[in-house]
There are 2 protein chains.
Amino acid sequence: MGTRIQPGPRERLLTAAQRLSYEQGVNVGVDALLSAANVARRSLYEHFGGKDGLIAEVLRRAAAEDLDRYRSAIAAAGDDPRQRLLAVFDMLDEIVTTPGFRGCRYLGADLALAEPAHPAHAVTQQYRQSLHDLLAHEVQRLRLPRPGHVTDQLMLLIEGTLATGAARPTSRPARDARELAQHILS
Amino acid sequence: MGTRIQPGPRERLLTAAQRLSYEQGVNVGVDALLSAANVARRSLYEHFGGKDGLIAEVLRRAAAEDLDRYRSAIAAAGDDPRQRLLAVFDMLDEIVTTPGFRGCRYLGADLALAEPAHPAHAVTQQYRQSLHDLLAHEVQRLRLPRPGHVTDQLMLLIEGTLATGAARPTSRPARDARELAQHILS
DNA sequence: CTCCTGGTAGAACGTTCGGTCTACACCGGT
DNA sequence: ACCGGTGTAGACCGAACGTTCTACCAGGAG
(Lines give C-alpha, C1' and ligand atoms only; values in the text may rest on other atoms or scores of the structure.)
Protein backbone atom coordinates (compact mmCIF):
# COMPACT_ATOMS: atom_id res chain seq x y z
CA MET A 1 0.00 0.00 0.00
CA GLY A 2 1.19 3.53 -0.65
CA THR A 3 0.15 5.02 2.67
CA ARG A 4 1.88 4.09 5.90
CA ILE A 5 2.27 5.90 9.18
CA GLN A 6 5.61 7.22 8.00
CA PRO A 7 6.25 7.64 4.31
CA GLY A 8 8.67 5.10 2.89
CA PRO A 9 12.30 5.91 2.20
CA ARG A 10 11.61 6.72 -1.43
CA GLU A 11 9.13 9.36 -0.44
CA ARG A 12 11.26 10.78 2.34
CA LEU A 13 14.22 10.98 -0.02
CA LEU A 14 12.23 12.82 -2.66
CA THR A 15 10.83 15.30 -0.14
CA ALA A 16 14.17 16.06 1.42
CA ALA A 17 15.94 16.27 -1.92
CA GLN A 18 13.30 18.60 -3.32
CA ARG A 19 13.94 21.02 -0.47
CA LEU A 20 17.72 20.68 -0.25
CA SER A 21 18.40 20.73 -3.99
CA TYR A 22 16.62 24.07 -4.09
CA GLU A 23 18.12 25.62 -0.98
CA GLN A 24 21.68 24.47 -1.67
CA GLY A 25 21.58 23.88 -5.41
CA VAL A 26 21.62 20.60 -7.29
CA ASN A 27 25.27 20.06 -6.41
CA VAL A 28 24.30 19.29 -2.82
CA GLY A 29 26.09 16.20 -1.53
CA VAL A 30 24.62 12.74 -1.25
CA ASP A 31 25.41 12.54 2.45
CA ALA A 32 23.40 15.68 3.14
CA LEU A 33 20.43 14.23 1.25
CA LEU A 34 20.60 10.92 3.08
CA SER A 35 20.85 12.34 6.56
CA ALA A 36 18.13 14.90 5.90
CA ALA A 37 15.81 12.12 4.75
CA ASN A 38 16.92 9.61 7.40
CA VAL A 39 17.40 7.04 4.72
CA ALA A 40 20.01 4.39 4.24
CA ARG A 41 22.60 4.93 1.57
CA ARG A 42 21.55 1.84 -0.24
CA SER A 43 17.96 2.94 -0.69
CA LEU A 44 19.00 5.83 -2.88
CA TYR A 45 20.66 3.50 -5.37
CA GLU A 46 17.89 0.92 -5.25
CA HIS A 47 15.17 3.46 -5.95
CA PHE A 48 16.84 5.95 -8.25
CA GLY A 49 19.97 4.27 -9.55
CA GLY A 50 22.14 7.12 -8.34
CA LYS A 51 22.17 10.80 -7.57
CA ASP A 52 21.43 11.84 -11.14
CA GLY A 53 18.29 9.73 -11.18
CA LEU A 54 17.16 11.21 -7.88
CA ILE A 55 17.71 14.76 -9.09
CA ALA A 56 15.80 14.07 -12.28
CA GLU A 57 12.90 12.55 -10.35
CA VAL A 58 12.88 15.49 -7.94
CA LEU A 59 12.62 17.87 -10.87
CA ARG A 60 9.80 15.81 -12.38
CA ARG A 61 7.87 15.99 -9.13
CA ALA A 62 8.54 19.68 -8.66
CA ALA A 63 7.48 20.33 -12.24
CA ALA A 64 4.17 18.59 -11.69
CA GLU A 65 3.58 20.65 -8.55
CA ASP A 66 4.57 23.92 -10.16
CA LEU A 67 2.40 23.31 -13.21
CA ASP A 68 -0.48 22.64 -10.86
CA ARG A 69 0.14 25.97 -9.18
CA TYR A 70 -0.04 27.70 -12.53
CA ARG A 71 -3.21 25.81 -13.40
CA SER A 72 -4.82 26.64 -10.07
CA ALA A 73 -3.96 30.31 -10.34
CA ILE A 74 -5.40 30.42 -13.83
CA ALA A 75 -8.52 28.49 -12.93
CA ALA A 76 -9.24 30.72 -9.93
CA ALA A 77 -9.18 33.86 -12.04
CA GLY A 78 -12.53 33.44 -13.75
CA ASP A 79 -13.32 33.06 -17.42
CA ASP A 80 -11.65 35.99 -19.12
CA PRO A 81 -8.42 34.70 -20.66
CA ARG A 82 -6.83 38.09 -20.13
CA GLN A 83 -7.50 38.01 -16.39
CA ARG A 84 -6.49 34.36 -16.25
CA LEU A 85 -3.09 35.14 -17.73
CA LEU A 86 -2.55 38.19 -15.54
CA ALA A 87 -3.32 36.04 -12.52
CA VAL A 88 -0.14 34.14 -13.28
CA PHE A 89 1.88 37.22 -12.39
CA ASP A 90 -0.05 37.72 -9.18
CA MET A 91 0.93 34.21 -8.22
CA LEU A 92 4.53 34.90 -9.22
CA ASP A 93 4.52 37.96 -7.01
CA GLU A 94 3.73 35.74 -4.07
CA ILE A 95 6.43 33.27 -5.01
CA VAL A 96 9.29 35.70 -5.54
CA THR A 97 8.51 37.69 -2.40
CA THR A 98 8.39 34.58 -0.23
CA PRO A 99 11.44 34.44 2.07
CA GLY A 100 13.87 31.80 0.89
CA PHE A 101 13.08 32.30 -2.78
CA ARG A 102 16.21 31.37 -4.69
CA GLY A 103 15.18 31.68 -8.33
CA CYS A 104 13.85 29.24 -10.87
CA ARG A 105 14.76 25.70 -9.91
CA TYR A 106 14.87 24.56 -13.52
CA LEU A 107 17.10 27.32 -14.78
CA GLY A 108 19.36 26.75 -11.78
CA ALA A 109 19.62 23.07 -12.65
CA ASP A 110 20.36 23.77 -16.31
CA LEU A 111 23.09 26.27 -15.45
CA ALA A 112 24.66 24.14 -12.71
CA LEU A 113 24.77 20.86 -14.65
CA ALA A 114 27.31 21.38 -17.39
CA GLU A 115 27.06 17.93 -19.00
CA PRO A 116 24.40 18.15 -21.71
CA ALA A 117 23.58 14.47 -21.26
CA HIS A 118 22.40 14.86 -17.66
CA PRO A 119 18.83 13.53 -17.39
CA ALA A 120 17.77 16.71 -15.61
CA HIS A 121 17.93 18.70 -18.83
CA ALA A 122 15.24 16.62 -20.49
CA VAL A 123 12.98 17.21 -17.50
CA THR A 124 13.43 20.97 -17.55
CA GLN A 125 12.80 21.06 -21.27
CA GLN A 126 9.62 19.12 -20.82
CA TYR A 127 8.54 21.41 -18.00
CA ARG A 128 8.98 24.52 -20.09
CA GLN A 129 7.11 22.95 -22.97
CA SER A 130 4.18 22.13 -20.69
CA LEU A 131 4.14 25.64 -19.27
CA HIS A 132 4.33 27.06 -22.77
CA ASP A 133 1.38 24.93 -23.83
CA LEU A 134 -0.56 26.03 -20.77
CA LEU A 135 -0.10 29.68 -21.65
CA ALA A 136 -0.65 29.12 -25.35
CA HIS A 137 -4.05 27.61 -24.66
CA GLU A 138 -5.19 30.81 -22.96
CA VAL A 139 -3.58 33.07 -25.54
CA GLN A 140 -5.33 31.20 -28.29
CA ARG A 141 -8.72 32.16 -26.90
CA LEU A 142 -7.83 35.85 -27.12
CA ARG A 143 -7.73 35.75 -30.93
CA LEU A 144 -4.73 38.03 -30.99
CA PRO A 145 -2.47 38.23 -34.01
CA ARG A 146 0.70 36.15 -33.66
CA PRO A 147 -0.42 34.05 -30.70
CA GLY A 148 2.81 32.07 -30.64
CA HIS A 149 4.77 35.26 -30.44
CA VAL A 150 2.65 36.50 -27.56
CA THR A 151 3.14 33.24 -25.71
CA ASP A 152 6.89 33.49 -26.11
CA GLN A 153 6.79 36.98 -24.70
CA LEU A 154 4.80 35.81 -21.69
CA MET A 155 7.33 33.05 -21.12
CA LEU A 156 10.10 35.63 -21.30
CA LEU A 157 8.33 37.76 -18.72
CA ILE A 158 7.99 34.77 -16.42
CA GLU A 159 11.64 33.81 -16.73
CA GLY A 160 12.61 37.44 -16.25
CA THR A 161 10.47 37.71 -13.15
CA LEU A 162 12.03 34.65 -11.54
CA ALA A 163 15.55 35.67 -12.50
CA THR A 164 15.11 39.23 -11.27
CA GLY A 165 13.47 38.02 -8.10
CA ALA A 166 16.55 36.00 -7.34
CA ALA A 167 19.07 38.58 -8.49
CA ARG A 168 17.56 41.72 -6.97
CA PRO A 169 15.48 40.65 -3.97
CA THR A 170 14.43 44.19 -3.11
CA SER A 171 12.59 44.71 -6.39
CA ARG A 172 9.06 43.62 -7.19
CA PRO A 173 9.59 42.15 -10.65
CA ALA A 174 6.22 40.41 -10.86
CA ARG A 175 4.43 43.75 -10.76
CA ASP A 176 6.60 45.12 -13.53
CA ALA A 177 6.05 42.00 -15.56
CA ARG A 178 2.31 42.07 -15.02
CA GLU A 179 2.17 45.58 -16.39
CA LEU A 180 4.10 44.50 -19.46
CA ALA A 181 1.80 41.53 -19.88
CA GLN A 182 -1.16 43.89 -19.91
CA HIS A 183 0.43 45.69 -22.83
CA ILE A 184 0.90 42.46 -24.74
CA LEU A 185 -2.61 41.23 -24.17
CA SER A 186 -4.41 44.40 -25.29
CA MET B 1 56.76 45.47 -16.56
CA GLY B 2 53.25 44.41 -17.38
CA THR B 3 53.85 43.28 -20.96
CA ARG B 4 55.87 40.18 -21.71
CA ILE B 5 55.93 37.78 -24.58
CA GLN B 6 53.58 35.53 -22.67
CA PRO B 7 51.18 36.99 -20.13
CA GLY B 8 52.08 36.22 -16.55
CA PRO B 9 50.43 33.47 -14.55
CA ARG B 10 47.95 35.86 -12.98
CA GLU B 11 46.70 36.92 -16.39
CA ARG B 12 46.64 33.39 -17.78
CA LEU B 13 44.72 32.21 -14.77
CA LEU B 14 42.13 34.95 -15.10
CA THR B 15 41.67 34.30 -18.80
CA ALA B 16 41.31 30.55 -18.41
CA ALA B 17 39.05 30.86 -15.39
CA GLN B 18 36.83 33.38 -17.15
CA ARG B 19 36.24 30.88 -19.94
CA LEU B 20 36.00 27.71 -17.85
CA SER B 21 33.85 29.17 -15.08
CA TYR B 22 31.34 30.09 -17.76
CA GLU B 23 31.47 26.89 -19.83
CA GLN B 24 31.45 24.55 -16.83
CA GLY B 25 29.96 26.74 -14.14
CA VAL B 26 31.64 28.32 -11.14
CA ASN B 27 31.94 24.93 -9.45
CA VAL B 28 34.66 23.93 -11.89
CA GLY B 29 37.59 22.34 -10.11
CA VAL B 30 40.85 24.04 -9.22
CA ASP B 31 42.86 21.41 -11.09
CA ALA B 32 40.96 22.12 -14.30
CA LEU B 33 41.67 25.82 -13.94
CA LEU B 34 45.35 25.30 -13.26
CA SER B 35 45.98 22.93 -16.15
CA ALA B 36 43.97 25.08 -18.55
CA ALA B 37 46.05 28.10 -17.59
CA ASN B 38 49.35 26.19 -17.40
CA VAL B 39 49.95 27.70 -14.03
CA ALA B 40 51.44 26.26 -10.89
CA ARG B 41 49.13 25.53 -8.03
CA ARG B 42 50.96 27.91 -5.81
CA SER B 43 50.42 30.91 -8.07
CA LEU B 44 46.68 30.74 -7.58
CA TYR B 45 47.00 31.13 -3.85
CA GLU B 46 49.70 33.80 -4.08
CA HIS B 47 47.67 35.98 -6.43
CA PHE B 48 44.10 35.39 -5.33
CA GLY B 49 44.27 33.80 -1.90
CA GLY B 50 42.14 30.88 -3.00
CA LYS B 51 39.49 29.78 -5.43
CA ASP B 52 36.86 32.13 -4.05
CA GLY B 53 39.13 35.11 -4.62
CA LEU B 54 39.85 33.99 -8.15
CA ILE B 55 36.16 33.55 -8.96
CA ALA B 56 35.35 36.97 -7.55
CA GLU B 57 38.12 38.59 -9.57
CA VAL B 58 36.99 36.78 -12.71
CA LEU B 59 33.50 38.15 -12.21
CA ARG B 60 34.87 41.64 -11.66
CA ARG B 61 36.78 41.47 -14.90
CA ALA B 62 33.87 39.98 -16.81
CA ALA B 63 31.59 42.66 -15.40
CA ALA B 64 33.86 45.41 -16.62
CA GLU B 65 33.96 43.85 -20.09
CA ASP B 66 30.22 43.30 -20.23
CA LEU B 67 29.44 46.81 -19.09
CA ASP B 68 31.73 48.07 -21.83
CA ARG B 69 29.79 46.05 -24.37
CA TYR B 70 26.59 47.68 -23.20
CA ARG B 71 28.21 51.11 -23.32
CA SER B 72 29.58 50.51 -26.81
CA ALA B 73 26.26 49.27 -28.13
CA ILE B 74 24.52 52.31 -26.69
CA ALA B 75 27.13 54.75 -27.94
CA ALA B 76 27.02 53.33 -31.47
CA ALA B 77 23.25 53.85 -31.74
CA GLY B 78 23.24 57.60 -32.22
CA ASP B 79 21.74 60.27 -30.06
CA ASP B 80 18.11 59.26 -29.60
CA PRO B 81 17.81 57.67 -26.15
CA ARG B 82 15.03 55.44 -27.45
CA GLN B 83 17.23 54.01 -30.19
CA ARG B 84 20.15 53.76 -27.81
CA LEU B 85 18.14 51.61 -25.43
CA LEU B 86 16.71 49.44 -28.18
CA ALA B 87 20.24 48.86 -29.42
CA VAL B 88 20.88 46.98 -26.19
CA PHE B 89 18.50 44.28 -27.32
CA ASP B 90 20.12 44.07 -30.73
CA MET B 91 23.38 43.40 -28.95
CA LEU B 92 21.67 40.83 -26.72
CA ASP B 93 20.34 39.09 -29.80
CA GLU B 94 23.90 38.58 -30.97
CA ILE B 95 24.97 37.30 -27.59
CA VAL B 96 22.21 34.79 -26.98
CA THR B 97 22.38 33.38 -30.52
CA THR B 98 26.14 32.89 -30.34
CA PRO B 99 26.97 29.18 -30.10
CA GLY B 100 28.10 28.27 -26.63
CA PHE B 101 25.86 30.79 -24.93
CA ARG B 102 25.08 29.42 -21.51
CA GLY B 103 23.04 32.15 -19.85
CA CYS B 104 23.90 35.05 -17.61
CA ARG B 105 27.19 34.44 -15.86
CA TYR B 106 26.18 36.48 -12.83
CA LEU B 107 22.85 34.80 -12.27
CA GLY B 108 24.54 31.44 -12.71
CA ALA B 109 27.07 32.36 -10.04
CA ASP B 110 24.40 33.57 -7.63
CA LEU B 111 22.36 30.40 -8.06
CA ALA B 112 25.31 28.03 -7.84
CA LEU B 113 26.96 29.59 -4.78
CA ALA B 114 24.65 28.85 -1.89
CA GLU B 115 26.65 30.56 0.86
CA PRO B 116 25.45 34.16 1.07
CA ALA B 117 28.88 35.26 2.28
CA HIS B 118 30.69 34.25 -0.89
CA PRO B 119 32.52 37.29 -2.29
CA ALA B 120 31.04 36.64 -5.72
CA HIS B 121 27.63 37.86 -4.59
CA ALA B 122 28.91 41.34 -3.84
CA VAL B 123 30.42 41.50 -7.33
CA THR B 124 27.21 40.47 -9.07
CA GLN B 125 25.22 42.97 -7.01
CA GLN B 126 27.62 45.71 -8.01
CA TYR B 127 27.43 44.66 -11.65
CA ARG B 128 23.65 44.86 -11.70
CA GLN B 129 23.71 48.22 -9.99
CA SER B 130 26.10 49.56 -12.63
CA LEU B 131 23.96 48.18 -15.44
CA HIS B 132 20.88 49.65 -13.82
CA ASP B 133 22.56 53.05 -13.60
CA LEU B 134 23.61 52.81 -17.22
CA LEU B 135 20.05 52.24 -18.34
CA ALA B 136 18.61 54.78 -15.92
CA HIS B 137 20.78 57.47 -17.41
CA GLU B 138 19.25 56.92 -20.84
CA VAL B 139 15.73 56.54 -19.49
CA GLN B 140 16.08 59.82 -17.65
CA ARG B 141 16.60 61.68 -20.89
CA LEU B 142 13.28 60.40 -22.22
CA ARG B 143 11.29 62.36 -19.64
CA LEU B 144 8.88 59.50 -19.18
CA PRO B 145 6.71 59.20 -16.10
CA ARG B 146 8.09 56.78 -13.52
CA PRO B 147 11.62 56.51 -14.94
CA GLY B 148 12.77 54.18 -12.16
CA HIS B 149 9.92 51.86 -12.94
CA VAL B 150 10.79 51.85 -16.63
CA THR B 151 14.40 51.08 -15.84
CA ASP B 152 13.35 48.14 -13.68
CA GLN B 153 11.24 46.84 -16.51
CA LEU B 154 14.15 47.08 -18.92
CA MET B 155 16.32 45.19 -16.45
CA LEU B 156 13.65 42.53 -16.23
CA LEU B 157 13.57 42.22 -20.01
CA ILE B 158 17.34 41.84 -20.10
CA GLU B 159 17.36 39.14 -17.41
CA GLY B 160 14.46 37.42 -19.12
CA THR B 161 16.25 37.49 -22.44
CA LEU B 162 19.39 35.92 -21.02
CA ALA B 163 17.47 33.31 -19.04
CA THR B 164 15.26 32.37 -21.97
CA GLY B 165 18.22 32.27 -24.29
CA ALA B 166 19.81 29.68 -22.04
CA ALA B 167 16.65 27.73 -21.31
CA ARG B 168 15.13 27.61 -24.80
CA PRO B 169 17.96 27.92 -27.30
CA THR B 170 15.68 27.69 -30.32
CA SER B 171 13.77 30.85 -29.44
CA ARG B 172 14.83 34.40 -30.24
CA PRO B 173 14.09 36.08 -26.92
CA ALA B 174 15.96 39.29 -27.68
CA ARG B 175 13.55 40.10 -30.49
CA ASP B 176 10.57 39.53 -28.24
CA ALA B 177 12.14 41.66 -25.53
CA ARG B 178 12.99 44.44 -27.96
CA GLU B 179 9.38 44.63 -29.00
CA LEU B 180 8.28 44.90 -25.38
CA ALA B 181 10.91 47.55 -24.78
CA GLN B 182 9.44 49.58 -27.60
CA HIS B 183 6.11 49.49 -25.81
CA ILE B 184 7.66 50.71 -22.59
CA LEU B 185 9.56 53.54 -24.20
CA SER B 186 6.65 55.04 -26.11
C1' DC C 1 9.08 -21.93 11.30
C1' DT C 2 11.28 -20.48 7.34
C1' DC C 3 12.25 -17.69 3.67
C1' DC C 4 12.12 -13.59 1.06
C1' DT C 5 11.75 -8.77 0.55
C1' DG C 6 12.98 -4.27 1.68
C1' DG C 7 14.77 -1.56 4.84
C1' DT C 8 18.89 0.21 8.09
C1' DA C 9 23.72 0.89 9.47
C1' DG C 10 28.01 1.63 8.22
C1' DA C 11 32.58 0.31 6.38
C1' DA C 12 35.13 0.90 2.41
C1' DC C 13 36.26 1.96 -2.51
C1' DG C 14 38.69 5.16 -5.66
C1' DT C 15 38.36 9.88 -7.11
C1' DT C 16 38.26 14.62 -6.67
C1' DC C 17 37.94 18.59 -3.87
C1' DG C 18 40.42 23.01 -2.05
C1' DG C 19 44.55 24.03 0.18
C1' DT C 20 49.48 23.65 2.04
C1' DC C 21 54.02 22.40 1.54
C1' DT C 22 58.90 21.45 -0.20
C1' DA C 23 62.31 21.59 -3.83
C1' DC C 24 64.10 23.68 -7.66
C1' DA C 25 64.75 26.95 -11.81
C1' DC C 26 64.90 31.36 -13.84
C1' DC C 27 65.92 36.24 -14.01
C1' DG C 28 66.78 41.06 -13.00
C1' DG C 29 69.19 44.23 -9.83
C1' DT C 30 72.92 45.45 -7.02
C1' DA D 1 78.88 36.83 -8.48
C1' DC D 2 75.31 36.74 -5.69
C1' DC D 3 70.74 37.23 -3.95
C1' DG D 4 65.74 37.75 -3.55
C1' DG D 5 61.62 37.50 -5.85
C1' DT D 6 58.67 34.94 -8.74
C1' DG D 7 57.58 31.18 -11.10
C1' DT D 8 57.07 25.77 -11.95
C1' DA D 9 56.50 20.94 -10.58
C1' DG D 10 54.57 17.98 -7.81
C1' DA D 11 53.99 15.51 -3.44
C1' DC D 12 50.86 15.67 0.22
C1' DC D 13 46.91 16.72 3.46
C1' DG D 14 42.20 15.97 5.31
C1' DA D 15 37.73 16.19 3.71
C1' DA D 16 33.94 15.30 0.72
C1' DC D 17 32.46 13.28 -3.49
C1' DG D 18 29.41 9.30 -5.65
C1' DT D 19 29.32 4.47 -5.40
C1' DT D 20 29.56 -0.40 -3.92
C1' DC D 21 29.77 -3.57 -0.52
C1' DT D 22 28.71 -6.62 3.63
C1' DA D 23 26.04 -7.44 7.77
C1' DC D 24 21.99 -7.17 10.19
C1' DC D 25 16.98 -6.65 11.16
C1' DA D 26 11.79 -6.41 10.70
C1' DG D 27 7.55 -8.07 8.69
C1' DG D 28 4.68 -10.75 5.78
C1' DA D 29 3.85 -14.99 2.85
C1' DG D 30 4.36 -19.69 2.16
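The values are calculated or read from the model by the stated rules, or taken from the named source; none is laboratory data. What you see is a predicted model; the values in this text were computed from it and never measured. All Cβ positions, even for glycine, are placed from backbone atoms using ideal geometry, and neighbour counts span all protein chains on display. Remember, those area values only see protein heavy atoms, side chains included, never the ligands or the DNA or RNA. Shrake-Rupley method; radii C 1.70, N 1.55, O 1.52, S 1.80 Å.
Of the listed requirements (1) open to solvent by less than 50 Å² (accessible area, probe 1.4 Å); (2) farther than 19 Å from B:Pro119 by Cα, B:Ala17 misses just one: (2). Here is the figure for the stretch A:4-49: residues that are within 13 Å of DNA strand D (Cβ to nearest atom), within 14 Å of chain B (Cβ to nearest Cβ) and either among the polar types (S, T, N, Q) or touching a residue at least 24 places away in the same chain (Cβ under 8 Å) (or both) total 5. Answer yes if at least one residue in the stretch A:71-94 is of a type in the set (Asp, Glu), farther than 23 Å from B:Gly103 by Cα, in contact (Cβ under 8 Å) with a residue 24 or more places away in the chain and within 15 Å of DNA strand C (Cβ to nearest atom), and no otherwise. No, that holds for no residue. Listed conditions (1) more than 9 Å from every other protein chain (Cβ to nearest Cβ); (2) within 18 Å of the chain's Cα centre (by Cα); (3) farther than 26 Å from B:Asp93 by Cβ are all met by A:Arg143, apart from (2). Would you point out the residue of the stretch A:36-55, among those that are part of a loop (DSSP other than H, G, I, E, B) and within 11 Å of DNA strand C (Cβ to nearest atom), that is most open to solvent (accessible area, probe 1.4 Å)? The qualifying residue most open to solvent (accessible area, probe 1.4 Å) is A:Asn38. Among the residues of this structure, A:Leu154 does not count as one that is more than 9 Å from chain B (Cβ to nearest Cβ) and either under 12 Å from the mean Cα position of the chain (by Cα) or surrounded by fewer than 22 Cβ atoms within 10 Å (Cβ to Cβ) (or both).
The residue pairs whose first member lies in the stretch A:50-63 and is more than 8 Å from DNA strand D (Cβ to nearest atom), whose second member is assigned to a loop (DSSP other than H, G, I, E, B) and open to solvent by 10 Å² or more (accessible area, probe 1.4 Å), and whose beta carbons are closer than 7 Å, counting only pairs six or more residues apart or on different chains, are A:Ile55/A:Val26. The sole residue among B:Arg172, B:Arg178, B:Arg141, B:Arg146 that is in contact (Cβ under 8 Å) with a residue 60 or more places away in the chain, open to solvent by 30 Å² or more (accessible area, probe 1.4 Å) and closer than 21 Å to A:Arg178 by Cβ is B:Arg178.
Residue check: B:Thr124 meets all listed conditions (1) of a type in the set (S, T, N, Q); (2) open to solvent by less than 30 Å² (accessible area, probe 1.4 Å); (3) over 22 Å from A:Gly165 (Cα atoms) but one, namely (3). Number of residues in the stretch B:80-125 that are among the polar types (S, T, N, Q) and within 11 Å of chain A (Cβ to nearest Cβ) equals 2.
Scanning the stretch A:20-35 for residues that are open to solvent by less than 50 Å² (accessible area, probe 1.4 Å) and not in a helix (DSSP H, G or I), we see that the one that is farthest from A:Gly103 (Cα to Cα) is A:Gly29.
Do we find that B:Ala77 is more than 13 Å from chain A (Cβ to nearest Cβ), buried (at least 18 other Cβ atoms within 10 Å of the Cβ) and touching a helix residue (DSSP H, G or I) at 6+ places or on another chain (Cβ under 6 Å) in this structure?
yes
Within the stretch A:94-121, the residues that satisfy the criterion of being of a type outside the set (Gly, Ala, Ser) and buried (at least 19 other Cβ atoms within 10 Å of the Cβ) are A:Val96, A:Cys104, A:Arg105, A:Tyr106, A:Leu107, A:Asp110, A:Leu111, A:Leu113.
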